Amino acid sequence: GQSLEQPSEVTAVEGAIVQINCTYQTSGFYGLSWYQQHDGGAPTFLSYNALDGLEETGRFSSFLSRSDSYGYLLLQELQMKDSASYFCAVRGASGGGADGLTFGKGTHLIIQP
Amino acid sequence: NAGVTQTPKFQVLKTGQSMTLQCAQDMNHNSMYWYRQDPGMGLRLIYYSASEGTTDKGEVPNGYNVSRLNKREFSLRLESAAPSQTSVYFCASSEVVGRLAKNIQYFGAGTRLSVL
């Protein structure tokens, strides 16, 4: 099976930097994704890592270490609108491009002024 | 840009009733998915469809059936609703991009279902 572990809640200050960690166990690995979900909203795609290293998209970056089965999402210059839940996710074990995702339970990010 | 559209947005059922959740996408994606999300939980995959005419079970398929009516539409049916099926249901479609097979999923707004 597949499982992902991430902290349930993180608190940070507006303008600061925060890192949300994710460790995973999978029978086959086909990339680690990150999604953002505001309260009452739908998940939206943020970032994807298939290879080791850092991927940067504006204020958000995501890192992957396949040897450690570990990744993180880094949010810089935090804004109040970044208050949301963040989910890491891996693709299904069959390797097919259409596989659904297995999600972690999510990290609730609280931004304080 | 409609993206992924789900109906209804809210529904209350009595135990034993049946209903169908509708989902349609206008992005010409081959793959579509149904997830459920319970409080404090991540999304769990119920069923998915890699292409028109095919469906496969996900992590939690029991109590559900699906139909991939055409490329655009993927419906989820509860034949005999149970209180354990109270949840928020999300439909998604996806495209696979690039040589690293990035699978980006686009979600509908969700259906909030209560079974009494």
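The values are calculated or read from the model by the stated rules, or taken from the named source; none is laboratory data. No experiment lies behind these values; they were computed from the predicted model shown. Reconstructed Cβ throughout: ideal geometry from the backbone, glycine too, with neighbour counts over all protein chains shown.
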* Asked: Which one of the conditions (1) facing chain A (nearest Cβ under 9 Å); (2) touching a Lys or Arg at 6+ places or on another chain (Cβ under 8 Å) does residue B:89 fail to meet, given that it meets all the rest?
  -> (1)
* To do: Please state which one of B:19, B:32 is within 14 Å of the chain's Cα centre (by Cα) and within 10 Å of chain A (Cβ to nearest Cβ).
  => B:32
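For (1) modelled with pLDDT under 95; (2) among the acidic types (Asp, Glu); (3) under 26 Å from residue A:7 (Cα atoms), each residue gets a yes or a no:
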| residue | (1), (2), (3) |
| --- | --- |
| B:30 | yes, no, no |
| B:42 | yes, no, yes |
| B:78 | no, no, no |
| B:103 | yes, no, yes |
| B:107 | no, no, yes |
| B:113 | no, no, no |
* Breaking point among (1) touching a helix residue (DSSP H, G or I) at 6+ places or on another chain (Cβ under 9 Å); (2) within 22 Å of residue B:90 (Cα to Cα), for residue A:14 -> (2)
* Looking at the range B:100-111, which of its residues are facing chain A (nearest Cβ under 9 Å) and either in a strand (DSSP E or B) or charged (D, E, K, R) (or both)? -> B:102, B:103, B:104, B:105, B:106, B:107
* Checklist (1) in contact (Cβ under 8 Å) with a residue 60 or more places away in the chain; (2) touching a strand residue (DSSP E or B) at 6+ places or on another chain (Cβ under 9 Å) applied to residue A:72, failing item -> (1)
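When you scan the range A:70-83, do you find a residue that is assigned to a loop (DSSP other than H, G, I, E, B) and surrounded by 20 or more Cβ atoms within 10 Å (Cβ to Cβ), even just one? Lay out the reasoning, then the answer.
Step one: of the range A:70-83, the residues assigned to a loop (DSSP other than H, G, I, E, B) are A:76-79, A:83.
Checking the rest, the ones that are also surrounded by 20 or more Cβ atoms within 10 Å (Cβ to Cβ) come to none.
So far as the range A:70-83 goes, no, none of its residues is assigned to a loop (DSSP other than H, G, I, E, B) and surrounded by 20 or more Cβ atoms within 10 Å (Cβ to Cβ).
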